[in-house]
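Q: Got a structure here, written out as structure tokens. Questions coming.
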Amino acid sequence: MPTGKGLSLNSDLNLRQALLNGYARHTYSTHGDEMNMPAKRRRLFSLPKLKVAVMINDTTATLASLAYSIPSLPNTRVVMGLIVGAGCNATVPMKLADLHESKTKSILEKHPDAQETLISTEWTLSTAAASFDELGIRTKWDLQLDKNCKKPGFQPMEYMVGGGYTGELVRIVCYDWFHGVLGIQRSKLPLKLVEEYSLSTDYLSLVVASSLSDERLASELSKTLPPSIEGDWTWSPEYARDIRAIASAVQDRAASLVASAVVGLLDCIDEVQLCNKAPKRVNGEKINTDTRATKETDSESVPPSTPGWNSGPEELAVAFSGGVIQHYPHYKENVQRYIDRLLLRAGPQVGGKSVFLREASDGGIIGTGVLAGTASGEIGEIKVTTN
């Protein structure tokens, strides 16, 4: 399977060696056939030797990036790395005791004393569809997008929140509204509202979600999303208001889904407590994880959850990065608002815990450097722990 990075993957999935082999192809060669190659493919100088210190994904690197700098913030602990860009994913530290033996065997072989590890959840994969359908969250437009995408059913949550699909979802809803409900002929509508994947999330962010008045937005849409020359339909302030409302509703729902996933995952790793929790199984035995059944959770009467913690409530930081959550107007604020509402509904948390989104710009790059330094012994311990 070609990767476009100078290497191919076969049944031998040794990614470290594959990367090194691909890199080696571009080092200086003493063979005499160099002059017969096109100029752009000649190896005119020797590249330095490369050592692969760490290989991590973007969410893990984002978590590590903020965890490295977080000691400057009192009473704050990083508990998650979150990416909301073209796609969506999260990484959290989990106790090995909470994972299946098959998932921990390789870790314990190398680190027998390990108590926890970082888990990249890939929470948008197909198993997420069951919960969405059970709760009736997916609409006919979601199902249409899922059915017509390149991998139907593969990442149902990403199709609802990822920037790679938001533009298309808004286009589908807009087409249904303008053509199906308002009865505007297909031939009169802008081409980008008719053709699949012609409306980008970037365009929605920069134009549709801007603070322009309806009149100015209609004027801008006429230039950048022009109607068909075959008809007499034009963008009016009312139509501009419609597309803005649709885009806002799609992104507001996406923000609520991301917030729900964040709070649910933090509950899964026992960082926050939600109501009516079912008994948790550890080694086949049920244990009660609902702290409300055994102790008072009033933040004024319960000591901080982390031993030796500074006085005051504890802040659980979610390190975030990604084009959508960083740059789409009001997206981050909406996610935070929904997180706050969910925790408020759950009731007071042990130690007065709160959850805040903390930006980790370029976290994927910085975090990789931090972990590479840690692996080589040049950087000390990075604290990313559960309670």
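The values are calculated or read from the model by the stated rules, or taken from the named source; none is laboratory data. No experiment lies behind these values; they were computed from the predicted model shown. Heads up, the Cβs are rebuilt from the backbone with ideal geometry, glycines too, and the neighbour counts pull from every protein chain shown.
Here's the yes/no breakdown for (1) over 24 Å from H330 (Cβ atoms); (2) out of contact with any Asp or Glu (no Cβ under 7 Å at 6 or more places or on another chain); (3) at pLDDT below 95:
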position	(1), (2), (3)
L193	no, yes, no
S198	yes, yes, no
T201	no, yes, no
A209	no, yes, no
S213	no, yes, no
P237	no, no, no
S256	no, yes, no
V263	no, yes, no
A278	yes, yes, yes
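Q: Continuing with this model, one more query. Based on what the data block shows, is L73 surrounded by fewer than 17 Cβ atoms within 10 Å (Cβ to Cβ), in the same structural domain as Q326 (by TED's automatic domain parsing), modelled with pLDDT under 90 and within 26 Å of T201 (Cα to Cα)?
A: So L73 does not fit the description; no.
Q: State whether the residues of region 158-176 include one that is surrounded by 14 or more Cβ atoms within 10 Å (Cβ to Cβ), closer than 19 Å to Y328 by Cα, among the β-branched types (V, I, T) and touching an Asp or Glu at 6+ places or on another chain (Cβ under 8 Å).
A: no
Q: Still on this model: Of all residues in region 327-366, count the ones that are part of a helix (DSSP H, G or I), of a type in the set (D, E) and within 19 Å of L63 (Cα to Cα). I'd like the intermediate steps shown before the answer.
A: We begin by selecting, within region 327-366, every residue part of a helix (DSSP H, G or I); these are 327, 331-346, 350-352, 363-366.
Filter once more, so that each one left must be of a type in the set (D, E): 333, 340.
Filter again for within 19 Å of L63 (Cα to Cα), leaving none.
Number satisfying all stated conditions: 0.
Q: If we scan region 109-121, do we find a residue that is of a type outside the set (V, I, T), under 21 Å from I83 (Cβ atoms) and modelled with pLDDT of 95 or more?
A: No, the conditions are met nowhere in region 109-121.
Q: Could you check region 88-197 for helices (runs of 4 or more DSSP H) lying wholly inside it with 3 or more residues that are among the hydrophobic types (A, V, I, L, M, F, W, C) and touching a residue at least 12 places away in the same chain (Cβ under 8 Å)?
A: Those helices (runs of 4 or more DSSP H) span 156-161, 163-175.
Conditions tested, residue by residue: (1) over 25 Å from S65 (Cβ atoms); (2) modelled with pLDDT of 90 or more.
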| residue | (1), (2) |
| --- | --- |
| E333 | no, yes |
| Q336 | no, yes |
| R341 | yes, yes |
| G347 | yes, yes |
| V370 | no, no |
| G377 | no, no |
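Q: Here are T117, T124: which of them is touching a Cys at 6+ places or on another chain (Cβ under 7 Å) and not assigned by TED's automatic domain parsing to the domain that holds D202?
A: Every option except T124 fails the conditions.
Q: Here's a follow-up. Out of everything in region 44-58 that is under 16 Å from T368 (Cα atoms) and not β-branched (V, I, T), what residue ends up being modelled with the lowest pLDDT?
A: Only one residue fits best here, namely L50.
Q: If only one of A240, A249 is small (G, A, S), over 16 Å from G183 (Cα atoms) and loosely packed, with under 14 Cβ neighbours inside 10 Å, which one is it?
A: Selected residue: A249, the only one of A240, A249 that is small (G, A, S), over 16 Å from G183 (Cα atoms) and loosely packed, with under 14 Cβ neighbours inside 10 Å.
Q: Buried (at least 19 other Cβ atoms within 10 Å of the Cβ) and modelled with pLDDT under 95: does that describe P227?
A: Yes: the conditions hold for P227.
Q: Report yes if A61 is closer than 30 Å to E195 by Cβ, modelled with pLDDT under 95 and part of a helix (DSSP H, G or I), otherwise no.
A: Here the answer is no, as A61 does not meet what is asked.
Q: Working only within region 64-87, note down all residues that are part of a strand (DSSP E or B) and closer than 19 Å to G369 by Cα.
A: Within region 64-87, V78, M80, G81, L82, I83 qualify.
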